[in-house]
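All of the numbers you see were taken from the coordinates with simple rules; none came from a lab. Source: prediction; values computed, not measured. When we count neighbours, we look across all protein chains shown, and the Cβ atoms used for this are built from the backbone with ideal geometry, even at glycine.
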Amino acid sequence: MQFDDQADLDTSQVQDRRGMSGGKVALGGGAVGIVGLIIALLLGVDPSTLGVSDGGGGTAGQTSAGQVQDSCKKGSDANQRQDCRMVAVVNSVQNFWQSEFTRRAGAYQPAETVLFTNQVQTACGAASSAVGPFYCPGDRKAYFDLGFFNELSSRFGAKGGPFAEAYVVAHEYGHHIQNLTGQMKKVGQDRQGANSGSVKLELQADCYAGVWAYAATRTPQASTGRPLITSLTDADIAAGLDAAAAVGDDRIQQQAQGRVNPESWTHGSSAQRQQWFTTGYRTGDMARCDTFG
Ligand SMILES: [Zn+2]
């Protein structure tokens, strides 16, 4: 994945709260400081089984809030730094959905990304890094501790890499799209099991991530008239698919418990997650992402 070196990055789309205290809620006794209203986690893992890695979320040398505003100016920065790459991917994803909503005579409402370390306050409650990336419908923000991307490799066995990370970002913005379209509300309490509304919602978010990937190198930025992402290779797409498989419920359950229990699935199997990303990527058509059938 390569970004247009000359492109301006829009850091107003990303709040950098890294190194800031999460505030009022302390990480106590290994408990995860999260309330139940965050409905769109990437992982189908019971947070209590993950434990809390205090400090584990951050990576060395990455501590002061507001860094992306200081450091991420151009596409060339995104080609060199992980945090700037987050800004660029968020810019690309939102630029695509903006143009797609316009094309469909709808109104896209932007969603900010928040970068944090360890824990963060949200409209959905306090959350720790242990839950993985998530989207909070209450404040319409996507939350990432960049330390998760290390875990994606070390804990979940993904190969990782820039496009694996981009897939995760695009998945969370998929939830934002579902929030805007009203699809999210339709899930109600149907939150567990291979045929649950939750699984359908998650697979649709994967499909939307694929739709963005299809469009990423074809959608010009208004400011430059050129796409922000200049190349996505087959190897990039393979890394995204690999990440999608790594966070499949069956893969995670097999690894954590040594068995697979579809009745407690929340996100879908590895094969399903790959299949729906691929559907989006091959067609570039969000209408094909009808996981609710
Ligand atoms: Zn999700």
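Descriptive notes on the structure:
- Between GLN2 and SER223, the contour length at 0.36 nm per residue exceeds the alpha carbon distance by 77.8 nm.
- Simple Cβ-charge dipole of the stretch 75-225, Lys/Arg +1 and Asp/Glu -1, about Cα centre, in debye nearest 20: 360 debye
- Remark: the Cα gyration tensor places the stretch 196-238 in the oblate category, a/c being 1.5 or greater and a/b not exceeding b/c.
- Each of the peptides 128-135, 12-19 was scored by the mean count of other Cβ atoms within 10 Å over its residues; in descending order, highest first, they stand as 128-135, 12-19.
- Rounded if a/c under 1.5, otherwise prolate or oblate - the stretch 136-293, Cα gyration tensor axes: oblate
- Cα gyration tensor shape for the stretch 122-170, rounded if a/c is under 1.5, else prolate or oblate: oblate
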